[in-house]
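The next block holds one structure in the form of structure tokens; read it before the comments.
Only the coordinates and a few stated rules stand behind these numbers; no lab work does. In this text, all values refer to a predicted model and were calculated from it rather than measured experimentally. FYI the Cβ positions are ideal-geometry reconstructions off the backbone, even for glycines, and counts take in every protein chain you see.
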Amino acid sequence: MTAPSVSAARALFGKAKLVALRALLATPGRALHLREMAREGDIAPSALARELDSLVAAGLLLDERQGRLRLFRANPSSPLLPALRRLTRAIAELEAGLNVPKTMTITPNTARSPKSRQLGLSAPFDWPNADISDDALIVKTAASLRFADVVRLCAHYGLPRVRQTLEARITEPMTRAILARQLRNIEAAVADAHVRAA
């Protein structure tokens, strides 16, 4: 196969739609939020949001609110789902044969990678880089703003290290504020547990 075939796939679907389909069709039942998919696909969240909305409107994806996050997943009752999975796999195989950069290809097993699995995280925050540094994993996981995952980070790495890493590397003001509040809540819960144990 030649590079024009990959260009044809992108011309037919567009990068944003391909990113959404790959992320959501690779693992049945997988639910992701916009920023996760944007990071995995190396695309602007605004471009991806439009495509996700159109896929929801077409009945190919389902969306649900989980706190402040809007999660997306493949619609298992869509009659097009099996064909879309086959098509997405075929495009990924085509690109893999052409050595397209990793950010544009899908790994057959996008289930949680080693560190995410070890920590019990809700998503494969170390995908596609299983050798991700601990600090990068802390930042990437915490940026999802999933409280349960931030708790797991603190339990594994310790609250002081997580706080120090996030203070040094998270710059977006709203994300910093939310994470600071989450860390204060975790710190209060730990202090309360020590009082009860005493």
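One table, with the values for the structure above:
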item	result
Ranked by how many other beta carbons lie within 10 Å on average, peptides 114-126, 66-78 from highest	114-126, 66-78
Inter-probe distance in nm under a simple model that places probes 7 Å from Cα toward Cβ, at R184 and D134	2.7
Relative packing of peptides 81-87, 18-24 - highest average C-beta neighbours within 10 Å first	18-24, 81-87
Residue exposure sequence - H156, H194, H33 - by fewest surrounding Cβ within 10 Å	H194, H156, H33
S54/R89 FRET efficiency (R0 25 Å; Cβ-Cβ; nearest 0.05)	0.70
Neighbour-count ranking [beta-carbon atoms within 10 angstrom, fewest first] of T165, T141, T171	T171, T165, T141
Two-site FRET efficiency, D192 against Q118, from Cβ-Cβ distance with R₀ of 22 Å, rounded to 0.05	0.20
Cβ-defined net charge surrounding V56, 13 Å radius [Lys, Arg +1; Asp, Glu -1]	+1
